[in-house]
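Peer 1: Below you will find the structure I want to go over with you.
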Amino acid sequence: MLVLVAPGQGAQTPGFLTPWLDLPGAADRIAAWSDAIGLDLAHYGTKADADEIRDTAVAQPLLVAAGLLSAAALGEMSPGAVAGHSVGEITAAVFAGVLDDTAALGFVRTRGLAMAEAAAVTETGMSAVLGGDPEQVVAHLEKLGLTPANVNGAGQIVAAGTAEQLAALAEDKPEKARVIALKVAGAFHTHHMAPAVATLQEAAAGLTVADPAVPYVSNKDGQTVAGGDDVIARLVGQVANPVRWDRCMETFKERDVTALIEVCPGGTLTGLAKRALPGVQTLALKTPDDLDAARTLLTEHSA
């Protein structure tokens, strides 16, 4: 059984979309999406620098567009399940048939703008905590007033909070853990993002929604969600609540997943899977050169 997954914010790098635009029809598709949401995705995916694509309002639609474009390049497929990390859940909702691509990009454009606005209220950010005992790490973060915003499994927890709280963490690390500041523009998946929830609730009311056609694994709790309305409600709430990717991987294990493909810009989730899901074959779609290997994996592990 194969699971198709989509990465979250921070996976983007300057120019990562460039080789994908050489595929037949890709540039036209990106241009149509750009017109639909009022954002030049081709520019940001090919010419913008790291600071420009760090902007939440840019990064989020760019990531969803890249994930959809790379998945479309694989051709017809029937994964055994789909999932996404943070904003990648919107990409996964398209894979599952819950939303069409244009609706998803409009929704993620609203999400990115709302979260950027919320992040501008207070100077906040995120840091990865690598290693240490998970329970001790969480307790240490809470002592410092930080939120364990991404519990990713494989020895990785991402802390989120104010600049002062993150500075305190850098000085006072959990036992046997390393701390790495992340290049993101806010304390995502915390109470700091609460203002964005109301905006997304309003946007969600105008969406045309279908029930998932394939199992959709939610990073709220790792549960498989059967109803389209439930998927959307979770997409709205997740911006101010922690991502539990560890529980998604536990569900993959329970469902006897044998292979995992991460859509463009792949690498982060396959890295976690290699450590947490031994024996599961993984492949990250970084460039179109990876497509043939991905198609082979799909054929060998399709449900």
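The values are calculated or read from the model by the stated rules, or taken from the named source; none is laboratory data. Everything numeric here is computed off the predicted structure, so don't read it as measured data. FYI the Cβ positions are ideal-geometry reconstructions off the backbone, even for glycines, and counts take in every protein chain you see. Please note that ligands, DNA and RNA were not included when accessible areas were found on the heavy atoms of the full protein model with its side chains. Shrake-Rupley method; radii C 1.70, N 1.55, O 1.52, S 1.80 Å.
Peer 1: Filter region 38-58 down to residues that are in a helix (DSSP H, G or I) and either without any contact (Cβ under 8 Å) to a residue 60 or more places away in the chain or farther than 19 Å from Gly10 by Cβ (or both), then give me how many there are.
Peer 2: Residues that pass the stated criteria total 11.
Peer 1: Of all residues in region 163-185, how many are of a type in the set (A, V, I, L, M, F, W, C) and either free of Cβ contacts under 8 Å to residues at least 12 places away in the same chain or not in a helix (DSSP H, G or I) (or both)?
Peer 2: The total comes to 8.
Peer 1: From the list Ala36, Ala71, Ala96, Ala104, which residue is of a type in the set (A, V, I, L, M, F, W, C), over 12 Å from the mean Cα position of the chain (by Cα) and over 24 Å from Thr270 (Cβ atoms)?
Peer 2: When all the criteria are applied, what remains is Ala36.
Peer 1: From Ala181, Ala139, grab the single residue that is surrounded by fewer than 23 Cβ atoms within 10 Å (Cβ to Cβ), out of contact with any helix residue (DSSP H, G or I) (no Cβ under 6 Å at 6 or more places or on another chain), modelled with pLDDT of 95 or more and of a type in the set (Gly, Ala, Ser).
Peer 2: Ala139
Peer 1: Do you know which residues across region 207-230 are in a loop (DSSP other than H, G, I, E, B) and open to solvent by 70 Å² or more (accessible area, probe 1.4 Å)?
Peer 2: Thr208, Asp211, Ala213, Lys220, Gln223, Ala226 - these are the residues of region 207-230 that are in a loop (DSSP other than H, G, I, E, B) and open to solvent by 70 Å² or more (accessible area, probe 1.4 Å).
Peer 1: Shifting gears a bit: Are there any pairs, at least 6 apart or on different chains, whose C-beta atoms fall under 7 Å, with the first in region 119-138 and among the charged types (D, E, K, R) and the second part of a strand (DSSP E or B), and if so, which?
Peer 2: Partner pairs satisfying both residue conditions: Glu123/Thr162.
Peer 1: Across region 92-136, which residue is least open to solvent (accessible area, probe 1.4 Å) among those that are of a type in the set (Asp, Glu) and under 28 Å from Ala181 (Cα atoms)? Don't jump to the end; show me each part of the working.
Peer 2: So the first thing to find is which residues in region 92-136 are of a type in the set (Asp, Glu), and the list is 100-101, 117, 123, 133, 135.
Okay, now just the ones that are also under 28 Å from Ala181 (Cα atoms), so 117, 123, 133, 135.
Working: Glu117: 132, Glu123: 135, Asp133: 69, Glu135: 153 Å².
Within region 92-136, the match that is least open to solvent (accessible area, probe 1.4 Å) is Asp133.
Peer 1: While we're looking at this one, here's another question. Taking Thr270 as meeting all but one of (1) touching a residue at least 24 places away in the same chain (Cβ under 8 Å); (2) in contact with a Leu (Cβ under 8 Å, 6 or more places away or on another chain), write down the number of the exception.
Peer 2: (1)
Peer 1: Another question, if that's okay. Can you name every residue in region 247-267 that is surrounded by fewer than 20 Cβ atoms within 10 Å (Cβ to Cβ) and under 14 Å from the mean Cα position of the chain (by Cα)?
Peer 2: Gly267
Peer 1: What number of residues within region 11-47 satisfy the criterion of being farther than 20 Å from Asp290 by Cβ and open to solvent by 40 Å² or more (accessible area, probe 1.4 Å)? Before the answer, list the steps.
Peer 2: Taking region 11-47 and keeping what is farther than 20 Å from Asp290 by Cβ, we get 28, 31-44, 47.
With open to solvent by 40 Å² or more (accessible area, probe 1.4 Å) added as a condition, the list becomes 28, 31-32, 35-36, 38, 40, 43-44, 47.
Qualifying residue count, region 11-47: 10.
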